[in-house]
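Structure first, commentary second.
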Amino acid sequence: MAVVFPDGYRLAALGKDHPRRDFRSGVAEVDDWLATKALQHQKKRLSTTKVLLDGAGEIAGFYTLATGQVDFGDLPAEVIRKLPRRALPVAILAWLGVGRDRQGSGLGKRLFAQALADCHHAGEVFAFVAVILDCLNEQAKAFYQHWGFQELPGNPYRLFISPAQLTAMMTADKD
Ligand SMILES: CC(C)(COP(=O)(O)OP(=O)(O)OC[C@H]1O[C@@H](n2cnc3c(N)ncnc32)[C@H](O)[C@@H]1OP(=O)(O)O)[C@@H](O)C(=O)NCCC(=O)NCCS
């Protein structure tokens with residue numbers, strides 16, 4: 001699935017010259033992550049962050065991906081059927097944000113689609129049993145549920161999709 005961003009925008013790996021401290025999504029944790037932690041974590045190979053830059057080089061939005069593990073018992077029955085009872089690999093959509101002034105114009109859904117496309121692509125090389133994410137608040141949760149993410153049992157702010165759902169999303173035209 002090819003994600004097309006509006007004219008003038010381009011996606012790039014977060015670099016030290018990007019104005020990450022000027023980004024404001026309206027959620028302090030999201031802005032603080034980008035301003036103070038995303039680049040260090042990328043350098044340490046803990047996560048990767050892609051930024052959406054506008055024509056002036058300002059950061060319009062970003063997302064961060066990582067890998068992780070969840071316990072067998074944390075995943076719902078339909079995902080763990082026939083899987084071994086041990087820690088299982090997952091892809092993590094760790095952060096997603098769009099600049100407050102640009103929200104509501106379709107950038108979040110495009111960044112989200114690109115993040116999932118990256119997961120799908122990575123999953124062809126490094127296997128995982130789910131894509132998971134943690135929501136910071138009800139609005140973020142509603143955004144992700146809008147796109148088919150479901151709660152993990154007993155953990156209402158941790159959402160997931162299965163690899164089968166991911167593949168279906170990659171082949172459906174959601175735009
Ligand atoms: C969540 C966020 C990334 C969405 O980005 P955005 O650019 O405003 O979203 P879009 O304009 O692309 O919206 C796309 C679709 O999602 C829907 N949507 C957006 N926010 C939604 C919400 N809170 N609940 C339900 N649906 C939502 C829109 O209605 C739209 O649906 P449609 O295409 O079917 O009409 C953005 O609001 C944001 O950065 N919020 C602050 C940071 C944050 O909470 N990040 C997530 C936690 S890490």
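Every read-out reported here was derived from the displayed coordinates using simple, explicitly stated rules and does not represent laboratory data. Please read these numbers as outputs of a predicted model, since none were measured by experiment. Quick reminder, even Gly has a Cβ in these numbers, built from the backbone with ideal geometry, and neighbours come from all protein chains shown.
Yes/no per residue for (1) surrounded by 15 or more Cβ atoms within 10 Å (Cβ to Cβ); (2) in contact with a Lys or Arg (Cβ under 8 Å, 6 or more places away or on another chain); (3) at negative phi:
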position	(1), (2), (3)
Ala13	no, yes, yes
Asp17	no, no, yes
Arg21	no, no, yes
Glu29	no, no, yes
Lys37	yes, no, yes
Ser47	yes, no, yes
Lys50	yes, no, yes
Val70	yes, no, yes
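Candidates are the residues of the stretch 120-138 that are surrounded by 14 or more Cβ atoms within 10 Å (Cβ to Cβ) and away from the ligand (no atom under 15 Å from the Cβ); the one that is nearest to Pro156 (Cα to Cα) is Ala130.
The residue pairs whose first member lies in the stretch 88-113 and is within 13 Å of Glu58 (Cβ to Cβ) and touching a residue at least 60 places away in the same chain (Cβ under 8 Å), whose second member is outside any strand (DSSP E or B) and near the ligand (Cβ under 8 Å from one of its atoms), and whose beta carbons are closer than 7 Å, counting only pairs six or more residues apart or on different chains, are Val98/Ser25; Val98/Leu107; Val98/Gly108; Val98/Leu111; Gly99/Ser25; Arg100/Ser25; Arg100/Gly26. Count of the stretch 121-139 residues, restricted to those that are out of contact with any Asp or Glu (no Cβ under 8 Å at 6 or more places or on another chain) and touching a residue at least 60 places away in the same chain (Cβ under 8 Å), is 4. Residues that are over 12 Å from Val51 (Cα atoms) and not small (Gly, Ala, Ser) within the stretch 6-16 comprise Pro6, Asp7, listed in sequence order. Of the strands (runs of 3 or more DSSP E) that lie entirely inside the stretch 10-107, those containing 3 or more residues that are near the ligand (Cβ under 10 Å from one of its atoms) span 59-70, 88-98. Number of residues in the stretch 120-144 that are part of a helix (DSSP H, G or I) and under 24 Å from Asp32 (Cβ atoms): the value is 7.
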